[in-house]
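Sharing a structure here in structure tokens format.
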Amino acid sequence: MPSLPGARPHLNPWVLAVTALLGGTGAALAFAPTGWMPLVLIGPAVGLWAAASARRPVAGAACGLAFGLGFAYPALRWMLEVDPLAGFVLPLIQGMFWAVTGAAAAAATRLHPAWWVPVVAAVWTLTEAARARVPLTGFEWAQLAMAVTDTPARHAAAVVGALGLTALLATVAAALALLMRSRGRARVVPLIVAIALLLATATVGAVRWTVPDGALDVAVVQVDDPCPGEFAADCPGYIDALVTDYVARSADVDGGADLIVWGEDALPGAATLDAAGSALLARSGGLAAPVLAGVGTPTSPGRFLRWAALFGADGAPIDAYAKRMPVPFGEYVPWRSVLGGISDVGRLVPSDLEAGDDASPVELSTGDGVARLGTVVSWEVTFARAVRAVAHDANGLATLTTVASYGTSATSDQLLDASQLRVAEQQKPMVVAATTGRSAFIDADGVIAGRSALFRGDTLTGTMQLRSGLTPYARAGDLPIVLLAAAVLIGAWIARPRSGRSADDPGVPADVEAPGRANTVAP
């Protein structure tokens, strides 16, 4: 079909796919360890430009998939440290989600330019919401919001959460893509509006929505890796060496600490928390302060709970939180009889973690009041809904984790980025205790106040300025953002041209009116 006056010629679909692939790779470079933050907008803009230029939904989906794979494999390459098969499958599954956005970017070129940007941003948002929940428990890692945690933009999360912040960034990226595809002064308007929305939301989010509620002096103890480069299952005496190192380092903690925090699985598994506390007391001879530490207890043959348990200085359990979101293939094997024999899965995950069901804070009485720590374990901190649940009645946050299996990859840095987002959403301080690093203190503004190095024993000390109350996001969660995105799509469907061009029509730039019809074409 010949091009309409002023329309751009069709571009080679392979060129567009490669362009989208490069856009995805560029977006990945916005994340740790490189952290080239402007690419969090430029990379998606390039990918969306390629998908829109494809014009047909199937070709747009191919560009979206190319973008997703170009993004997911570099951004999640740390999975290769665990298992080559996992390093191939997980990014592949994640990359497929962007095919939906690519198809939408192409299909929406039939709409008026004023609709194209919000429609693309809405589809991106709903796709991210789905990716965070399926398959299994979903995977919220690597949302665009994770790349801006060291900028004032993170404050927007207090109002709209990480999902809403990602939606705002996607809106700016879509507006940039529109700028690349169209001509005329009007093309700048969506970009100005998108940037204004981002800045306005971040400004509102910077308001103090929580109030001071005491202080907690904390010592985070981190230990050396007993077997560098090996899984714990392949290292005889691993847990015993950890406990010995933990006890020795904790003995040097200043007696003024209200709480000592150890990492995930810092203690040997025990039949009960009472038994774990008794074993801890026997090993330490008494501690300078209560200890929050990770430990597992069995529930039935082949099943167990993973706790963040608070023990008094006398070893008696005070309170505990049981992990509620197990890691598929890391802490349990779905359909074990079928998948347990794949790669090293069955050997490295011999038992299945049972999900806890209580999101109550772990409480500790101090001379300054009661510290109520909303506690999560390991990858739970990457899920906004998991932290939101434990933070509701808390005045501080705690994460116990271990990233030893991932070597010196970007895992620990990206996990800290996710932790900063969770703090920004709740405006409550967080302590991150990693067995062998990185541990950190994050203040209520989402700023990292101190962090440790990887694979090096260390003790971080600091005062958590506790805060109570709820941010707008803590009250409402992701639902308003999801409903808004859905409303945009419904509005676009209602406003769609009833006798628009066909899918074969190459499109018209926003400032050129095709003869005989209204100028209601896409970017």
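The values are calculated or read from the model by the stated rules, or taken from the named source; none is laboratory data. Not measured: the values here are computed from a predicted model. Don't worry about glycine lacking a Cβ; one is built from the backbone with ideal geometry, like all the others, and counts go over all protein chains shown. Calculation scope for accessible area: heavy atoms of the full protein, side chains included, ligands and nucleic acids excluded. Shrake-Rupley method; radii C 1.70, N 1.55, O 1.52, S 1.80 Å.
Yes/no matrix, rows are residues, columns are (1) under 19 Å from the mean Cα position of the chain (by Cα); (2) small (Gly, Ala, Ser); (3) modelled with pLDDT under 95:
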site: Leu22; (1), (2), (3): no, no, no
site: Ala30; (1), (2), (3): yes, yes, no
site: Met37; (1), (2), (3): yes, no, no
site: Leu41; (1), (2), (3): yes, no, no
site: Leu48; (1), (2), (3): no, no, no
site: Phe71; (1), (2), (3): yes, no, no
site: Pro74; (1), (2), (3): yes, no, no
site: Met96; (1), (2), (3): yes, no, no
site: Ala103; (1), (2), (3): no, yes, no
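Any residue at all in segment 398-418 that's of a type in the set (A, V, I, L, M, F, W, C), open to solvent by less than 10 Å² (accessible area, probe 1.4 Å), within 26 Å of Arg208 (Cβ to Cβ) and in contact with a strand residue (DSSP E or B) (Cβ under 7 Å, 6 or more places away or on another chain)?
yes
Given the conditions (1) open to solvent by 30 Å² or more (accessible area, probe 1.4 Å); (2) modelled with pLDDT under 90; (3) within 23 Å of Ser182 (Cβ to Cβ); (4) aliphatic (A, V, I, L, M), which single one is not true for Ala7?
(1)
For segment 361-382, what are the residues that are open to solvent by less than 10 Å² (accessible area, probe 1.4 Å) and touching a Lys or Arg at 6+ places or on another chain (Cβ under 9 Å)?
Hits for segment 361-382 are Val362, Gly374, Val376, Val377, Glu380, Val381, Thr382.
Regarding segment 138-146, can at least one residue be identified that is over 19 Å from the mean Cα position of the chain (by Cα) and either open to solvent by 40 Å² or more (accessible area, probe 1.4 Å) or not hydroxyl-bearing (Ser, Thr, Tyr) (or both)?
no
Now for a different question. Just one of Ala355, Ala389 is assigned to a helix (DSSP H, G or I), modelled with pLDDT of 95 or more and either of a type outside the set (A, V, I, L, M) or open to solvent by 10 Å² or more (accessible area, probe 1.4 Å) (or both); which is it? Give the derivation first.
Numbers: Ala355 fails: assigned to a helix (DSSP H, G or I).
Just a single option satisfies the conditions, and that option is Ala389.
Return the residue satisfying two criteria in turn: it lies in segment 255-275 and is within 25 Å of Ala440 (Cα to Cα) and acidic (Asp, Glu), and of such residues it is farthest from the chain's Cα centre (by Cα).
First pass over segment 255-275, keeping only residues within 25 Å of Ala440 (Cα to Cα): 255-268.
Narrowing the set further to residues that are acidic (Asp, Glu) leaves 258, 264-265.
Numbers: Asp258: 30, Glu264: 19, Asp265: 22 Å.
Checking each candidate, the answer is Asp258.
If you check Ala232 against the conditions, is it in contact (Cβ under 8 Å) with a residue 60 or more places away in the chain and at negative phi?
Details: in contact (Cβ under 8 Å) with a residue 60 or more places away in the chain: yes; at negative phi: yes.
Considered against the rule, which asks whether it is in contact (Cβ under 8 Å) with a residue 60 or more places away in the chain and at negative phi, Ala232 comes out as yes.
Take the residues in segment 22-47 that are open to solvent by 70 Å² or more (accessible area, probe 1.4 Å) and not in a loop (DSSP other than H, G, I, E, B); name whichever of them is nearest to Pro118 (Cα to Cα).
Applying the first criterion (open to solvent by 70 Å² or more (accessible area, probe 1.4 Å)) to segment 22-47 yields 22, 33, 36, 38, 42.
Retained after the next criterion (residues that are not in a loop (DSSP other than H, G, I, E, B)): 22, 42.
Numbers: Leu22: 24, Ile42: 17 Å.
Filtering segment 22-47 for residues that are open to solvent by 70 Å² or more (accessible area, probe 1.4 Å) and not in a loop (DSSP other than H, G, I, E, B), the one nearest to Pro118 (Cα to Cα) comes out as Ile42.
Tally up the residues in segment 227-244 that are under 31 Å from the mean Cα position of the chain (by Cα) and in a helix (DSSP H, G or I), please. Quick ask: steps written out before the conclusion?
The initial filter retains those residues of segment 227-244 that are under 31 Å from the mean Cα position of the chain (by Cα), namely 227-235, 238-239, 242-243.
Remaining after also requiring in a helix (DSSP H, G or I): 232-234, 238-239, 242-243.
Of the residues in that region, 7 qualify.
Can you confirm whether segment 79-101 contains a residue that is touching a residue at least 60 places away in the same chain (Cβ under 8 Å), small (Gly, Ala, Ser) and surrounded by 24 or more Cβ atoms within 10 Å (Cβ to Cβ)?
No, because not a single residue in segment 79-101 is touching a residue at least 60 places away in the same chain (Cβ under 8 Å), small (Gly, Ala, Ser) and surrounded by 24 or more Cβ atoms within 10 Å (Cβ to Cβ).
Further question: Taking the options Val189, Val120, Val204, Val193, name whichever one is surrounded by fewer than 23 Cβ atoms within 10 Å (Cβ to Cβ) and either within 23 Å of the chain's Cα centre (by Cα) or in contact (Cβ under 8 Å) with a residue 40 or more places away in the chain (or both). Spell out how you get there, then give the answer.
Values: Val189 fails: either within 23 Å of the chain's Cα centre (by Cα) or in contact (Cβ under 8 Å) with a residue 40 or more places away in the chain (or both); Val120 fails: surrounded by fewer than 23 Cβ atoms within 10 Å (Cβ to Cβ); Val193 fails: either within 23 Å of the chain's Cα centre (by Cα) or in contact (Cβ under 8 Å) with a residue 40 or more places away in the chain (or both).
From the options Val189, Val120, Val204, Val193, the qualifying one is Val204.
State the number of residues belonging to segment 246-291 that are under 24 Å from Ala215 (Cβ atoms), open to solvent by 50 Å² or more (accessible area, probe 1.4 Å) and assigned to a helix (DSSP H, G or I).
1
Which ones in segment 430-452 are farther than 19 Å from Glu264 by Cα and part of a loop (DSSP other than H, G, I, E, B)? Please lay out each step first, then the result.
Taking segment 430-452 and keeping what is farther than 19 Å from Glu264 by Cα, we get 443-450.
Correct list: Asp443, Ala444, Asp445, Gly446, Val447.
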